[in-house]
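Working notes, structure below.
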Amino acid sequence: MVAKLLRACALPALLLAAGAAEAQVWRSDQGDQTYRNPPLNADYPDPDIIRVGDIFYFVTTTFANSPGLTILESRDLVNWRIATHVVPRIDGHPRYDLKEGGAYRQGLFAASLRHHRGRFHIAVTPVGLNTRIYSADRIAGPWSHVELDRAAFDPALFFDDDGKAYLATSIGSDGTITLLTLSPDLRSVQASRKIHYVKGAEGSKIIKRGGWYYIFNAIPSRLGMTVSRARNLPGPWETRDQIDDRTGGHQGALVDLPDGGWYGFVMRDAGAIGRVTNISPVFWQDDWPVWGTPEAPGRVPASARKPIQGNPFAEPPGSDDFTAPVLGLQWQWNHNPENARWSLTERRGYLRLRPTVSQDLWSARNTLLQKGQAPRGRGVVKLDIAQVQPGDRCGFGTFGKYSGQIVVTGTGGGGHAISMELTESTQEGPRTQVRAAAQPIAGTRLWLRADMDFITDRAQLAYSMDGRSWHEMGDAFPLAFDWRTGTFQGQQFAIACYSPTPSRGYLDVDSFTLSAIPQGTK
């Protein structure tokens, strides 16, 4: 344990000496005053970005993952770090505790973030519940919330120059944009009126510039985005098409820069990695925003000059040695966790997972998740399996539409075996097949590896008894994004431990390491 802590203290210096960029799965900042899209090559969907002073804040959808509503921060729109999670756990319905079928594809999404008179506010509508408005003095919290008397789909929070607060809402199955006037304390709706119609519109965002109001709307049916403008919030509004997934994305809006310029942020469907957020220069033509540059209008550039120069490289954390007393911000549970069944303090320097009772991975609580990283990301866990008991099913792999896991179980007399299973989420429920039959292993130290290649949308699992010599287990399997039957998220890395019956066993996780798959690896 002492050696592990010493290594943890020395790690930052080693990274600086070796050059941190060499270990990155993706780096947007090119180090020459330019960036390439996306700034984060992972599933950060439904973006809303604001600027407060010289700091940008980005809220993103987290669905049923807990803690929920991730906020990132940046000083240049390119280099981001995770600032906080707003919602410690989702309350209001048993399914968020993975009961009554669970809440995959539900939860918290399409939130709206604003800063007004020294306070941060977020409007979000948990699926199946009424709209909530979370507020805090600091981005790190603590956050408190009030609940309205209705559910406003994809609510767009907006504070006008006179301080009045509004929510705009529309749902793609209709397209009618409704404006709700909020009370000064944001606790109730004082008025409601229909102000505009755009066929298929949802994901509204409102900004104001130069006496014009602008509403940005996603049009999911054609993976496009529109902008509407008016001199007054009630209208009349006029609408123009903006961009689409072929030219950059289909849901987002604009944020102003400290120098008075503007940049766009927009979500794009990107295959098995999920939905990524691009950023783009924006220029104005007759008081209409145009994405891109005058030389290449109407298109989000693959690369461009950074909006703001002089800031160092930053990214969300990935690897973890579990020496901190709290979980790193890169981690989320698949639903609200059973907190009595995991610990970072029972054995210092390890994450201890005690099996939750479940018949399968899909319905098992306390599955610890981290976003997959494109284009080709590798996750490795180092495990102590000494206390994994017969019947326990503990392991590591991918999670999503396709959940491939190397599973460890006890065999009696202190022995252990590993197998490889693939679970596909379907409309009829999860379907699991054994892709590599159980085989006995010696010793209690085990390394498991998951390679996720988002260029080919294939994954491969492997194991090692010494962390050096690796053995693939099972064939390569698919990766996919599926909002109908999957998690509505990109494929994630997953550490799981469950048992069909109550168990006194446990799994100790020594570390997780995230890196790029080495060049030349198939």
Item to check | the stretch 159-229: relative contact order as a whole-number percent, Cα under 8 Å and 6+ apart | outcome: 24
Item to check | Computed Rg/Rh of the stretch 283-323, alpha carbon atoms with Kirkwood Rh | outcome: 1.26
Checklist entry - If the cut-off is a Cα-Cα distance under 18 Å, which aspartates and glutamates reach LYS401, setting aside same-chain residues fewer than 8 apart in sequence? => result ASP43, ASP269, ASP360, GLU421, GLU424, GLU428, ASP451, ASP453, ASP457, ASP475, ASP482
Checklist entry - In what sequence, highest mean first, do 229-236, 196-203, 274-281 appear when ranked by Cβ atoms within 10 angstrom? => result 274-281, 196-203, 229-236
Item to check | Using alpha carbons only: equivalent-ellipsoid semi-axes of the chain, gyration tensor based, whole Å | outcome: 41, 25, 21
Item to check | Residue-normalised accessible area of the stretch 298-337, expressed per residue, 1.4 Å probe, Å² | outcome: 44
Checklist outcome for this item: For the stretch 306-392, the Debye formula with one identical point scatterer on each Cα and no solvent gives log10 I(q)/I(0) at q = 0.13, 0.22, 0.24, 0.26 Å⁻¹ as -0.56, -1.33, -1.47, -1.55
Checklist outcome for this item: Cα-based Debye curve of the stretch 385-522 sampled at q = 0.12, 0.21 Å⁻¹ gives log₁₀ I(q)/I(0) of -0.48, -1.35
Checklist entry - In terms of modelled amide H atoms, which long-range or inter-chain residues lie less than 5 Å from the amide H of LEU182? => result ALA165, TYR166, LEU167, GLN190
Item to check | Total formal charge among the other residues, if their Cβ is under 11 angstrom from that of VAL509, Lys/Arg +1 and Asp/Glu -1 | outcome: -2
Checklist entry - Given the Cα-Cα distance of SER144 and GLN309 and 0.36 nm per residue of separation, how much length would full extension add, in nm? => result 55.9 nm
Next on the checklist: For the pairs LYS194/LYS306; LYS164/LYS306; LYS164/LYS194; LYS199/LYS371; LYS371/LYS522, flag any whose C-alpha to C-alpha distance is greater than 29 Å.
Outcome noted: LYS194/LYS306; LYS164/LYS306; LYS199/LYS371
Checklist entry - Taking one equal scatterer on every alpha-carbon of the stretch 33-149, how large is log10 of I(q)/I(0) by Debye at q = 0.15, 0.18 1/Å? => result -0.66, -0.92
Checklist outcome for this item: Highest mean packing first, using Cβ neighbours within 10 angstrom, the peptides 86-97, 347-358 sort as 347-358, 86-97
Next on the checklist: Rounding to the nearest 10 and keeping the result within 0 to 90°, find how far the Cα-based axis of helix 2-18 lies from the longest principal axis of the chain.
Outcome noted: 50
Checklist entry - Amide H to amide H, which residues 5 or more places from THR426 or on other chains are under 5 Å from it, using H placed in the peptide plane? => result ARG431
Checklist entry - To one decimal place, what Kirkwood hydrodynamic radius in Å is obtained for the stretch 178-290 from all pairs of distinct Cα atoms? => result 15.1
Checklist entry - Per the Cauchy relation, a quarter of the hull surface: what is the mean projected area of the convex hull of the alpha carbons in the stretch 124-188, in nm²? => result 5.1
Next on the checklist: At 1.4 Å probe size, with the rest of the protein present, what percent of the exposed accessible area of the stretch 86-228 is carbon and sulfur atoms?
Outcome noted: 47
Checklist entry - So what's Rg/Rh here for the stretch 106-259, counting alpha carbon atoms and using the Kirkwood radius for Rh? => result 0.95
Item to check | In order through the stretch 407-414: 3J(HN,Hα) via Karplus (6.51 cos²θ - 1.76 cosθ + 1.60), integer Hz, x for Gly, Pro | outcome: 9, 9, 9, x, 10, x, x, x
Item to check | For the stretch 135-290, accessible area per residue (1.4 Å probe, heavy atoms of protein chains only), Å² | outcome: 41
Checklist entry - What percent does the relative contact order of the chain come to when contacts are Cα pairs within less than 8 Å and at least six residues apart? => result 14
Checklist entry - What residues qualify as long-range amide H neighbours of ALA83, i.e. H under 5 Å apart, gap of 5 or more or another chain, H built at 1.01 Å from N? => result ILE71, LEU72, GLU73
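The values are calculated or read from the model by the stated rules, or taken from the named source; none is laboratory data. None of the values given here were measured: they were computed from a predicted structure. So basically every Cβ, Gly included, is an ideal-geometry build from the backbone, and we count neighbours across all protein chains shown. Note: accessible area is taken over every heavy atom of the protein model, side chains too, but ligands, DNA and RNA are not part of it. Shrake-Rupley method; radii C 1.70, N 1.55, O 1.52, S 1.80 Å.
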